[in-house]
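One structure is given below, encoded as structure tokens.
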Amino acid sequence: MSNRRTTRLDALEARLTGPKRIALFGHRNVGKTTLLAMFYRQAAGGRVPGVRLAAADAPSAEYLAEKIAQIESGQATTGTLAETELNLRLYHGPARFELIVKDYQGEHVTLGTDEPIQEFFAGCDAVLLCLDPEGSTDPAERRRRQQEIEGLLERYIERSEDLSTDRPVALLLTKFDRVLAREGATAEPTVDGGSPFSEAFVEKLVDQQYGMTRHALRQHAPDGVIFAVSSFGAGSTGNRPPSEIHPLGLEGPLGWVAEQLEARDRSQMEWLWDLAPNDLPRLHRCLTAYEKRYPRSNRTYEFRDRLKQLERRRKLRRLGKLAAAGAAVVSLAVGYDFWGYQTASAFERDPGNSAAAVADRWSGWLTHHHALPFLMPSYAREAANKKAEWTVKASDVQVAAGTIAPDLDARLAGIRDQVPQLAPAIRKVEQARELVRHDDRWKDVYAQANSLEAVDQPETALAALDAFLREFPDTTRRPDVLKLAQSLKETLTTRRTAAERRVVDDLARSESLPNASLAELIDRSRRFLDEHAESPYRSEVQNRLDDYVRKQDESDIGRAREYSARQPTNFATRIERYQEYLKAHQAGGLFISEAVEARDRVLREWDAYSYRQAYDHALAHPDDVAEVARRLRDYLRDHAGGRFADDAKTYLDWWDKISVPGEYRVTLRRGEVGEGVGKYLSGGGPDLGVTIEVGGVVHGPSPIIHNSYRPIWDSTFPRPIVWKFGDPITVRVIDYDWSASELAVFHSRQGDPLAMRILAGTIKLASGGATSLTFSSDFAVPTLTRPD
């Protein structure tokens, strides 16, 4: 295939499989950007029947959203300053098109310019030519606009082969609402839902104002159409949209573009089939793209059937060629195999050839003729039998000569399974080989039993003799083997007894040393008993082992006792010492019960000792609650399940509660003041009330008891008293007879962290004579249990 033809097919495939490029051609201020934004607004919002337009990526969506927002807010539209590529999707019925549209500066299409947008126009799939009938009224200006269109059409015609534009072209008359306003026509749709203006009117307007463009489209784009559209509808002023936007005619161009693209794709698929009917990969790629774009099109099924028929015809042609080639190969293989069989048979008949050589010849023939079992099965079976027969004969010769191959047993086993009739011959070879192996093995064992090595290590020679008898239980050499073994065993027994005596004597010498390690002596004794189960010195070593174990037991418990007496308050270490004894003697010790009882006793002593540290401090320093709490936390850390754990937890909960502000209910029970206390002319006695001040907050006064020196209130302050650890408390007794006057004041002791205690009993006030008050409250200091 020539390069030109390949390039042409590649371009055609790119148009069929790639996105569709739509050119929106027009000069500045013709309304391209506004028209593009309104196309998206109407089609995306369901205002164009049968058509939906969607943004394919975020940049495109943001660009169009910005333009639509500007229009809907009533702002005047501005010209485009930069070229912007928009990726869109057009849905028309069941079809889906990937579109690329570019928005650009209108001056870039001026005659004589060579901007990048011109390259995009050259490769587009459909063209929408935009002209503004209400633009300039200067004939020269209108002619320049038509010449710009003329230049674009001429570039298309130069590349075509039939003097056509080779792509769908439509003429869009933009801002047509102004034409209707000028002509006095209405912009409302007709009764049947059609266009508010007639086709004849539009044709006449185009002929009058754009005759050059109209004539060019008739000549070179006979399928082209004319659309009169308005992005805003009636009421716009300049580039500013009206308050209510009612676009006109936008449904026509979108539907026309979808229909023309589908018709062009069908035509190009037929053209591709004519140009490359045998290029199956290319046809498959293009058809896959066509099916994705038009999933329910009847032409899709037709193209798929054509492609399947083409694939079947190609497969049949290939199968025919393969069959012919296979027949030729089979004929050559049969001749080659027959010639090889005759050559091997002649080699077998030659008496000068050895059995091994004949076996190799038959083996080589079978190896180099792979198709033999399929083409000549009888010859293959006969050759395999001959190979097995001569292999057995060659093995017999090798055994007799003493040159046995390492894999002889495996080869003979395979031949026995393959050719059962050779079993007697194979058994004869195996018997001869076993006799040779027996004699060689006996020579080695006999030489080892009579060597100098057997003098130093008789057990090795004994093991070799034992292995020989196991390997050859029916050997004729059994009496010789037993005689040699008896001699070696006597030597081995004498040496072993002497060695064991030396070990026992060495153990006794080690025992007599001043700093002998009992653990080492125990380990050596146990190792001797494990390794010399039949030793005559076993009972002696066992007695020594029992003595070592007893001494070790007494030494270990003695260390634990001595440490416990020397360090009575190191409870954790005392427990650890007894625990070490229990671990070391877990298999059984003389003092297991004592160690367990001592460990439990130390644990109880530790529990009481730790708790007593907190208890004694609480008795000596009842106000030092923080230190008592710290010591109780230390107690719980080491004795979470101790005897005093509940008391410790209760105290710590109380400490946590008073460390932060908390609410307490206080009840004023009764009081007493001196007989001389009170105001002159006060009647039968003072009118008494009580206030409590905590942290700057005053509670009360309590209910006022009139004319009494021994008032009984039994009244609870309505507001809870809010107090935390360290807050001072002040109690005041006030006489409300005639006017409020303070009779007595009580201040909690300076630095008293538990001032709340005064509100849970009877207090005597610092001033006021014999004045006293009795309170009750839900505040209480927890009591710690006295340790034993």
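Some points to look at:
- Within the set 151, 79, 74, the sole residue that is part of a loop (DSSP other than H, G, I, E, B) and out of contact with any strand residue (DSSP E or B) (no Cβ under 8 Å at 6 or more places or on another chain) turns out to be 79.
- Lone qualifier among 577, 601 - being farther than 30 Å from residue 757 by Cβ and surrounded by fewer than 17 Cβ atoms within 10 Å (Cβ to Cβ): 601
- If the condition is being modelled with pLDDT under 90 and within 54 Å of the chain's Cα centre (by Cα), then region 615-634 contributes no residue at all.
- Single residue of 612, 631 found to be part of a helix (DSSP H, G or I), in contact with a helix residue (DSSP H, G or I) (Cβ under 9 Å, 6 or more places away or on another chain) and crowded, with 16+ Cβ neighbours inside 10 Å: 631
- Residue within region 296-315 that is surrounded by 10 or more Cβ atoms within 10 Å (Cβ to Cβ), within 20 Å of residue 262 (Cα to Cα), in contact with a strand residue (DSSP E or B) (Cβ under 8 Å, 6 or more places away or on another chain) and touching a residue at least 12 places away in the same chain (Cβ under 8 Å) present: yes
- Residue list for region 689-744, filter: closer than 23 Å to residue 664 by Cα, touching a Phe, Trp or Tyr at 6+ places or on another chain (Cβ under 9 Å), free of Cβ contacts under 8 Å to residues at least 60 places away in the same chain and part of a loop (DSSP other than H, G, I, E, B): 695, 700, 701, 702, 703, 704, 720
- Which listed residue is in the same structural domain as residue 144 (by TED's automatic domain parsing) and touching a helix residue (DSSP H, G or I) at 6+ places or on another chain (Cβ under 8 Å), from 69, 54: 54
- Total residues in region 5-15 satisfying the condition of being in contact (Cβ under 8 Å) with a residue 12 or more places away in the chain and either closer than 24 Å to residue 149 by Cα or out of contact with any Leu (no Cβ under 7 Å at 6 or more places or on another chain) (or both): the figure is 4.
- Exactly one residue among 596, 504 is modelled with pLDDT of 80 or more, touching a helix residue (DSSP H, G or I) at 6+ places or on another chain (Cβ under 9 Å) and not in a loop (DSSP other than H, G, I, E, B), and that residue is 596.
- Annotation: of all residues in region 65-95 being among the polar types (S, T, N, Q) and modelled with pLDDT under 90, the one that is surrounded by the fewest Cβ atoms within 10 Å (Cβ to Cβ) is 73.
- Residue that is surrounded by the most Cβ atoms within 10 Å (Cβ to Cβ), among those in region 759-780 that are of a type in the set (Val, Ile, Thr) and at pLDDT below 90: 771
- For region 470-481, a residue qualifies if it is surrounded by 12 or more Cβ atoms within 10 Å (Cβ to Cβ), out of contact with any helix residue (DSSP H, G or I) (no Cβ under 6 Å at 6 or more places or on another chain) and part of a helix (DSSP H, G or I), and the qualifying residues are 471, 478, 480.
- Here residue 98 fulfils each of the conditions (1) modelled with pLDDT of 90 or more; (2) farther than 27 Å from residue 282 by Cα; (3) under 48 Å from the mean Cα position of the chain (by Cα) apart from (2).
- Odd one out for residue 448 among (1) at pLDDT 75 or above; (2) in contact with a Ser or Thr (Cβ under 9 Å, 6 or more places away or on another chain); (3) more than 28 Å from residue 536 (Cβ to Cβ): (1)
- Filter pass, residue 63 being among the aromatic types (Phe, Trp, Tyr) and under 30 Å from residue 150 (Cβ atoms): no
- Checking residue 560 against (1) crowded, with 19+ Cβ neighbours inside 10 Å; (2) free of Cβ contacts under 8 Å to residues at least 60 places away in the same chain; (3) closer than 30 Å to residue 757 by Cα, the condition it does not meet: (3)
- Within region 114-148, the set of residues being more than 28 Å from residue 13 (Cα to Cα) and assigned to a loop (DSSP other than H, G, I, E, B) comprises 132, 133, 134, 135, 136, 137, 138.
- Unmet requirement for residue 20, which otherwise passes all of (1) charged (D, E, K, R); (2) in contact with a Leu (Cβ under 6 Å, 6 or more places away or on another chain); (3) more than 22 Å from residue 122 (Cα to Cα): (3)
- Test: residue 33 is in a helix (DSSP H, G or I) and in contact with an Asp or Glu (Cβ under 6 Å, 6 or more places away or on another chain): yes
- Taken over region 547-593, the criterion of being in a helix (DSSP H, G or I), small (Gly, Ala, Ser) and closer than 26 Å to residue 523 by Cα is satisfied by 555, 558, 560, 584, 593.
- Whichever residue in region 511-538 is farther than 17 Å from residue 499 by Cα and part of a helix (DSSP H, G or I) and, among such residues, is farthest from the chain's Cα centre (by Cα): 512
The values are calculated or read from the model by the stated rules, or taken from the named source; none is laboratory data. Values in this document were obtained by computation on a predicted structure and should not be read as measured data. A quick note on method: Cβ atoms are made from the backbone with ideal geometry, for glycine too, and the neighbour counts reach across all protein chains shown.
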